[in-house]
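Asks: A single structure is presented below for examination.
The values are calculated or read from the model by the stated rules, or taken from the named source; none is laboratory data. Just so we're clear, the structure is a prediction, and the values are computed from it rather than from any experiment. In this analysis, Cβ positions are derived from the backbone assuming ideal geometry, glycine residues included, and neighbour counts consider all displayed protein chains. The accessibility values were calculated without ligands, DNA or RNA, using every heavy atom of the protein model including side chains. Shrake-Rupley method; radii C 1.70, N 1.55, O 1.52, S 1.80 Å.
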Amino acid sequence: MSEKSSFSGLGMLGVLLAVGLIAASFILGTQFKNFRQPGTITVKGLAEKEFQSDSAQWSTSVTLNAGSYQQVLDALNKQRPALRKFLLAQGFAENEIQTGTPEITRAYITEYDENRNERRVPNGYDGTQTITVSSKKLDKIQAAHKAILNLRAQNEFIEFSAPQYLLGNLETIKRDLINQATTDAQQRAQEFAKTGGGKVGTMRSASQGSFNIYADNGSSNEEDYGGTYDKSTIGKQVRLVVTIEYNID
C-alpha cells in the first residue's frame, strides 16, 4: 500500500470517528433533556401571632409530717377544709376545685455517727393533700395567688405553686398558623424564583416544625406539646414554622 493511500485511509477514519462522536453527543444530549428533573427550591415559612390565655390551673396543698401513717392522714383531713374554705371565699365554684388523693410516704433524716459515717434514720411520715383549681376566672386566680400568702402566714402547712395559664383550641390555632406559614413560604419561594428568572410550580413536599408557645416576652424554658409551651404568663406568642419544597419551572 502506498504512503498516499495510507494517509487517505487515516483521514477517512478520522472523519468517521468525528461523525460518530457528534451523533453520540446528540443522542446523549436528547436523552439527558428528556430525563432531566425540573429544578426545585426548599424554603421555610413562619407564622407568628399573639393570644391571651383563656383558662388557668393552680395547685395548692397541705403538706405536713407526723409520727405515723394514721396521724398524717388525720392531720391532712383536719387541715384540708381550711384550704377549701379559702378557695371558695376567693369566688371559685365547687366544680372548679378538685381534691386529689392524699400522698403519704415514709420520711427519713440523715444522721452521722462518731466516725462521720452517714446513715438514714426513719422520721415518721410525710403527707401531701393537693387541691387544684381549674378556672376561666383569670382575675380571681391572680387575686387568690396573692391572697394565699396571708393564709400561709397563719398556717405553715400551706404550700402552693405559680398559676399555669393555658390556651384552648390548640388544634384550631395550629391549623390557622399552618395556613399562614404556608402562604409565607410560597411568597419566599416566589421571591427566590423571580431573581433567577423562574416560576414557582407545584409543591413537592411539606413538613411542620415545632409548635412553640412562648411567654409574652417571647422566651420560655418549658417543653410541651411538641415544642415549647410556656404557661407562666396570660399573654402568649405562638410561632410555627413549616418547610416546603416547590418545583421551579
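Asks: Under a 1.4 Å probe, what is the accessible area of segment 94-249 per residue, stated in Å²?
Replies: Working: 9310 Å² over 156 residues.
I get 60 Å² per residue for segment 94-249.
Asks: Could you put GLU191, GLU156 in order of accessible surface area, largest first, with the 1.4 Å probe and the full protein assembly present?
Replies: Ranking GLU191, GLU156 by accessible area, largest first, yields GLU156, GLU191.
Asks: For GLU159, GLU50, GLU94, what's the largest-to-smallest order of accessible area, 1.4 Å probe?
Replies: Per-residue accessible area, sorted high to low, gives GLU50, GLU94, GLU159.
Asks: As an exercise, use a Förster radius of 35 Å and the Cβ-Cβ distance of ARG119 and LYS146 to find the FRET efficiency, rounded to the nearest 0.05.
Replies: Values: r = 43 Å, r/R0 = 1.23.
Here the calculated transfer efficiency is 0.20.
Asks: At R0 = 25 Å, how high is the FRET efficiency between THR195 and LEU170 if r is their beta carbon distance? Nearest 0.05 is fine.
Replies: Given R0 = 25 Å and the Cβ-Cβ separation, E is 0.10.
Asks: Sticking with this one: Take the Cα coordinates of segment 96-223, assign each an equal point scatterer, and use the Debye formula without solvent to give log10 I(q)/I(0) at q = 0.13, 0.14, 0.16 Å⁻¹.
Replies: So the normalised log intensities are -0.87, -0.93, -1.06.
Asks: With charges set only on the Cβ (+1 for Lys and Arg, -1 for Asp and Glu), what does the dipole of segment 108-244 come to about its Cα centre, in debye to the nearest 20?
Replies: Dipole magnitude for segment 108-244 comes out near 880 debye.
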